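Reading through the structure tokens given below for one structure.
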Amino acid sequence: MSDEPVLTTHRDVAFDPETYVTMYYSRVTCEEGDMLTFFLDCLKNAFKSGEISGMKLLDIGTGPVLHTAFCAAPWFEEITLSDFDQNNLDFLQKWKDGKISHMGPVFAYLSETNEKGMEVDKRQDELRRKIQHIVHSDVTLPNPLVSTPVDGVVFDAITSSLCLEAASITIEDYVKTVRNLSSLLKPGGHLVITGVLEETFYRIGDVRFKCTYISKDQVQDIYQKEGFEIVRLKDLKETCSSPKYLGEYSDYQNAYVMIAKKVQQ
Ligand SMILES: C[S@@+](CC[C@H](N)C(=O)[O-])C[C@H]1O[C@@H](n2cnc3c(N)ncnc32)[C@H](O)[C@@H]1O
């Protein structure tokens, strides 16, 4: 019998925010091929022109981390963060209330070439101020924000990082999560998705969480069929010939950041 711990899901095991942040977000190596550096560079670029902007932004499956919202914040007035797990919502609320600070190296890295010239502390203050709601969400439901204060809101843009593949088991489930997200987005609005490709699990501490195994072609096909035009999709392997793999933390083969525009209802 294998010594590997069994695979579980976010429905069955509570999220451990501190361990997750320590494992994945406590340092930015700035090395080519590092997945976090790749994600941060892509997100910074995605938002720097102001092409993705509006009044209301939703981040879905935020977890305990804020790098996506940090990149988007200068371009939106009201930000809603959301997650399935109450531990993450509590962690985010503590950050907003100034009771904890984290992600310092990540925020510093993202502020290095900050187009609006704001310093890192001011950008954190701006983000804290613009976060208006921290709510429960479930992307597997036709209305992921049902019974929250933002139930019924249609957003100008939606961001999501490493959530959809962790929230679904099969490709059919994944398609439904895309459809569910799309229902929250206004026509012409943008989706910015950060994801992993061909991954079956990732770890938080010793706990291994299942992920939908999905290829780049499948990602593109699904979003197009669900009424999105893919504006840009950058993957780690095309950016770097020898990506550094985390190895024991997960078994991903590639990673991407995609900007897609909702062109059909
Ligand atoms: C791998 S973590 C990603 C966290 C963070 N967004 C990031 O980029 O590091 C996956 C996140 O998806 C959330 N999640 C899992 N199932 C979900 C669901 N059905 N609806 C909303 N969020 C979900 C988990 O609670 C967790 O915070």
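Within segment 185-211, being away from the ligand (no atom under 11 Å from the Cβ) and either open to solvent by less than 10 Å² (accessible area, probe 1.4 Å) or part of a loop (DSSP other than H, G, I, E, B) (or both) holds for LEU185, GLY189, LEU191, VAL192, LEU197, GLU198, THR200, GLY205, ASP206.
This table checks each residue for (1) open to solvent by 50 Å² or more (accessible area, probe 1.4 Å); (2) touching a His at 6+ places or on another chain (Cβ under 7 Å).
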site	(1), (2)
GLU226	no, no
ILE230	no, no
LEU233	no, no
THR239	yes, no
SER242	yes, no
SER250	no, no
ALA255	no, no
ILE259	no, yes
VAL263	yes, no
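Of all residues in segment 30-64, how many are more than 16 Å from the ligand (Cβ to nearest atom), open to solvent by 10 Å² or more (accessible area, probe 1.4 Å), closer than 14 Å to LYS244 by Cβ and not hydrophobic (A, V, I, L, M, F, W, C)? Qualifying residue count, segment 30-64: 2.
Conditions tested, residue by residue: (1) within 14 Å of the ligand (Cβ to nearest atom); (2) under 17 Å from the mean Cα position of the chain (by Cα); (3) open to solvent by less than 50 Å² (accessible area, probe 1.4 Å); (4) small (Gly, Ala, Ser).
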site: LEU66; (1), (2), (3), (4): yes, yes, yes, no
site: ALA73; (1), (2), (3), (4): no, yes, yes, yes
site: GLU77; (1), (2), (3), (4): no, no, no, no
site: LEU81; (1), (2), (3), (4): yes, yes, yes, no
site: ASP85; (1), (2), (3), (4): yes, yes, yes, no
site: LEU89; (1), (2), (3), (4): yes, yes, yes, no
site: LYS96; (1), (2), (3), (4): no, no, no, no
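One residue stands out in segment 5-29 among those that are charged (D, E, K, R) and in a loop (DSSP other than H, G, I, E, B): the one that is farthest from the ligand (Cβ to nearest atom), namely ARG27. The helices (runs of 4 or more DSSP H) located wholly in segment 98-177 that include 3 or more residues which are surrounded by 15 or more Cβ atoms within 10 Å (Cβ to Cβ) and not small (Gly, Ala, Ser) occupy 104-111, 120-130.
The values are calculated or read from the model by the stated rules, or taken from the named source; none is laboratory data. Only a predicted model underlies this, so the values are computations on that prediction, with no experimental measurement involved. FYI the Cβ positions are ideal-geometry reconstructions off the backbone, even for glycines, and counts take in every protein chain you see. For accessibility, only protein heavy atoms count, side chains too; no ligands or nucleic acids. Shrake-Rupley method; radii C 1.70, N 1.55, O 1.52, S 1.80 Å.
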